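Just so you know, all these numbers are worked out from the coordinates, no wet-lab data involved. Keep in mind it's a predicted model, so treat the numbers as computed, not measured. Neighbour counts run over all protein chains shown; Cβ positions are idealised from the backbone, glycine included.
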Amino acid sequence: MHSIRIQLLAFIMAVLLIFLVILNIYPITSSRDLIFEEKRSALSGQAAVVASSLAGLDRLSPDSVREVLQLLDLGGTSRTVIAADDGSVVYDDAAAGTPIDEGDILSSLKGKCVFRSRFTAEAFSSSYAMPILSRGATVGAVYLCEEDAERAAIISDIQSRLLRFSAAIGAVALLFAALFSTVLLRRMRELVRSIRIVAGGDYTHRLETRGRDEITELGDEFNQLTARLEDTEKQRRRFVSDASHELKTPLASIRLLSDSIVQSENMDGGTMREFAADIGHEAERLQRTTEKLLDLSRLDDDVQVIDEPVDIKQTAVDALAVLRPLAAEKDVKIRCELGDGCVVMANTDDMFHIVFNLMENAVKYNVPGGSVLVRTELEDEKVVLSVTDTGIGIPEEDRLNVFNRFYRVDKARSRASGGSGLGLSIVHDAVLAHGGSIAVGQNKPQGSVFIVSFPRPTSEETGI
């Protein structure tokens with residue numbers, strides 16, 4: 001956390017430093033450049049006036065040059081120097097001892113105009129050298145100097161004000177950055193602490209969120225994830241408890257029956273065969289429960305299987321052949337209205353489990369003399385399977401739970417019929433695994449109806 005805080009502060013300081021550097025440099029540089037350009041314009045104009053006035057003289061002598069300059073009455077310059085064509089100085093007012101650049105004078109005698117300006121805390125020091133031309137020939141040079149302390153003082157004052165202003169902005173910005181980083185990292189530490197609490201197994205913990213920023217969004221996502229983990233943990237514990245109970249019951253019965261056989265010395269053959277048959281029934285029940293648990297485990301692990309075209313009509317016919325003896329025993333009539341072309345892309349075994357479990361439940365939980373209707377049909381882009389019975393029905397409050405593992409609507413009757421509460425869970429997970437949907441409703445006036453829908457495959461997918 002400390003490294004993140006240092007990085008955050010370093011980034012803010014870097015951005016702030018760049019801003020303050022630009023704030024201090026750009027205005028001063030722009031103002032200075034404007035003054036430089038103004039100095040160039042003013043000095044070049046004065047130098048041009050002097051050069052044109054002196055160009056009419058037959059010879060540049062100290063007296064003649066002095067007379068002309070007195071008539072011109074130049075103002076604003078700190079020093080004026082006039083040089084002859086051989087470089088000798090014929091006039092120099094030497095005001096305030098302002099230094100001159102002899103190199104600029106020599107350059108002007110060669111026909112060039114030279115401007116220089118330098119800014120210091122004391123003054124703007126500017127100079128301009130221009131050749132004096134007479135009949136196309138260079139007869140001398142004009143060199144003007146100027147010292148502007150007033151504008152230099154203004155620029156220096158602005159510069160010092162900007163520095164003080166920048167220092168104040170920097171201090172305030174760093175203070176706010178420190179406060180912001182402290183609050184931000186405190187919220188991040190709260191999130192990390194919550195993660196550690198949940199990682200320790202406390203799935204009931206929730207992070208208190210506030211605001212509308214990204215960290216709040218992250219906290220909300222964390223709370224939703226924790227809620228899902230809590231639900232998953234509850235389901236896991238309930239599943240383990242229910243599975244243990246389901247496996248313990250037949251095992252206890254087997255042990256009780258076997259102990260009875262072992263401890264009874266005078267048990268007749270008929271009673272012993274009856275006890276052995278009961279042990280076989282309990283073992284068969286235990287085997288069915290184990291197989292269903294394995295099916296659920298396979299679906300939970302999302303084991304990839306190769307889908308193939310499966311005709312639900314044929315699957316229903318196969319399931320009906322297996323269920324006819326049970327239907328006869330229960331005095332339940334099974335009717336089928338199976339449409340043609342109800343082909344889906346699925347695993348054959350999964351599809352048989354779906355159809356068989358729905359039909360088996362419809363028979364098991366029916367009433368004597370009841371009926372079951374199995375229908376397959378095409379609806380738009382879907383293949384629909386519906387199983388309708390006239391049995392005990394499902395109360396409204398239980399419909400949302402019938403697909404939960406080990407859930408029974410009528411627990412006593414379910415155990416009596418050998419149900420484990422896993423069949424509809426297997427159906428539900430298998431339907432979802434193949435991209436379908438399943439719903440349950442009431443069959444008026446009595447019974448239930450299960451409706452399963454699958455996406456209708458294209459001819460390219462089925463190859464039909």
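Below, the figures for the structure above:
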| read-out | value |
| --- | --- |
| Two-site FRET efficiency, LEU229 against ASP318, from Cβ-Cβ distance with R₀ of 60 Å, rounded to 0.05 | 0.90 |
| In the stretch 1-54, trypsin sites (Lys or Arg not before Pro) in a DSSP loop with at most 10 other beta-carbon atoms within 10 Å | none |
| Relative contact order computed over the chain (Cα-Cα under 8 Å; 6+ residues apart), in percent | 10 |
| The stretch 368-382 - phi-based ³J(HN,Hα) in whole Hz, Karplus 6.51/-1.76/1.60, Gly and Pro as x | x, x, x, 9, 10, 10, 10, 10, 10, 7, 9, 10, 6, 9, 10 |
| Loop-resident sites, the stretch 109-203, for trypsin sites (Lys or Arg not before Pro), counting at most 12 other Cβ within 10 Å (DSSP) | LYS110, ARG135 |
| Backbone HN-Hα couplings from phi across the stretch 109-124 [Karplus 6.51/-1.76/1.60, Hz, Gly and Pro as x] | 5, 8, x, 9, 9, 10, 10, 9, 8, 9, 9, 10, 5, 8, 6, 8 |
| Net charge of neighbours whose Cβ lies under 15 Å from the Cβ of SER126, counting Lys and Arg as +1 and Asp and Glu as -1 | -3 |
| Pair VAL172, SER107: separation of 7 Å Cα→Cβ label points (nm) | 4.6 |
| Long-range amide H partners of SER371 with built H, under 5 Å | LYS333, THR390 |
| CD proxy at 222 nm, helix term only [per DSSP H run n ≥ 4: -39500 (n - 2.57); per residue of the chain; nearest 500] | -20000 deg cm²/dmol |
| Sites SER88 and ARG116 - FRET efficiency at Förster radius 25 Å, r taken between beta-carbons, to 0.05 | 0.70 |
| GluC sites (Glu not before Pro), loop per DSSP, at most 14 other Cβ atoms within 10 Å - longest free stretch of the chain | 1-121 |
| Charge tally in the Cβ shell below 15 Å around ASP331, where Lys, Arg are +1 and Asp, Glu are -1, ASP331 excluded | +3 |
| Mean projected area (nm²) of the alpha-carbon convex hull when the chain is viewed from all directions | 46.2 |
| Whole-Hz couplings from phi, Karplus 6.51/-1.76/1.60, listed for the stretch 333-342; x for Gly and Pro | 9, 10, 10, 10, 10, 9, x, 7, x, 7 |
| Sorted by Cβ neighbour density within 10 Å, fewest at the top, the residues VAL172, VAL384, VAL310 | VAL172, VAL384, VAL310 |
| Length released on extending from LEU378 to PHE180, taking residue separation times 0.36 nm less the Cα-Cα span | 65.1 nm |
| Extension gain, LEU9 back to GLU37 (0.36 nm per residue minus Cα-Cα distance, nm) | 5.9 nm |
| Placed amide H near LYS382: partners under 5 Å, 5+ positions off or other chain | ARG456 |
| Segment LEU74-GLU208, extension gain: residue separation times 0.36 nm, minus the distance between their alpha carbons | 40.2 nm |
| Computed label-point distance, nm, for sites THR216 and ARG59 using a 7 Å Cα→Cβ extension | 9.4 |
| The stretch 1-144, relative contact order in percent, only Cα pairs under 8 angstrom and at least six apart counted | 24 |
| Translational diffusion of the stretch 304-462, µm² s⁻¹ [Kirkwood Rh, Cα pairs; Stokes-Einstein; 10 °C; 1.306 mPa s] | 100 |
